[in-house]
């Protein structure tokens, strides 16, 4: 579908240009990009989901695991300050932020894209609940992810959407490469 100004195609699944503002718009955009990423990974055959097509070595399955852990780190562990069993569960090291930790994204054998998609949907439900029950100018709690200087919920929304956007672009290229190599 082309927009009325004829300069760019519009994805029919993108949230409408009009509608509720604030937290409801953030939730809609996060739902949209989350769905786009899940759809991109699920569109690949299972062997392509676990194959790397980039020099850094990550796979589409690892990317899906990363975004679900990333969103949980920011909204549950970060904003709410709640304990998360494995906040860095997308990595093969306990805490990749530790100096010299190294590590890379990892998904255990036996975990499928469908498993990760279901977990990501649960994380999305939690994010929607956070956005529905807190004002955007609320400050994250200290004690979870943050020891000091916690950001506002709106800052977290911007940050998470920006990270999703970067990774969605990466995934688009890998899906295109995977389709070409099929």
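Among 99, 45, 135, whose mean-square fluctuation peaks in a Gaussian network model of the chain (Cα, cutoff 10 Å)?
It is 99.
Hey, what's the per residue convex hull volume over the C-alpha atoms of the range 32-181, in cubic angstrom?
With only Cα atoms used, the range 32-181 gives 110 Å³ per residue.
Compute the distribution of all C-alpha to C-alpha distances in the range 6-121, in bins of 10 Å from 0, and list the percent of pairs in each, rounded to whole numbers.
For the range 6-121, the pair-distance distribution reads 12, 36, 33, 16, 3, 0.
Quick check: pseudo-label points 7 Å beyond the Cα along Cα→Cβ at residue 148 and residue 43, how many nm apart are they?
Once both label points are built, they end up 4.6 nm from each other.
With 10 Å bins from zero, work out the P(r) of the range 41-85 over every alpha carbon pair and list the percent per bin.
So the P(r) values, bin by bin, are 27, 37, 24, 12.
Given the -39500 (n - 2.57) contribution per DSSP H run of 4+ residues, what per-residue ellipticity at 222 nm results for the chain, rounded to the nearest 500 deg cm²/dmol?
Per the formula, -16000 deg cm²/dmol.
We did not get these values from a lab; they are worked out from the coordinates using the rules stated. Everything quoted here is computed from the prediction, not taken from an experiment. Cβ atoms come from the backbone with ideal geometry, glycine included; neighbour counts cover every protein chain shown.
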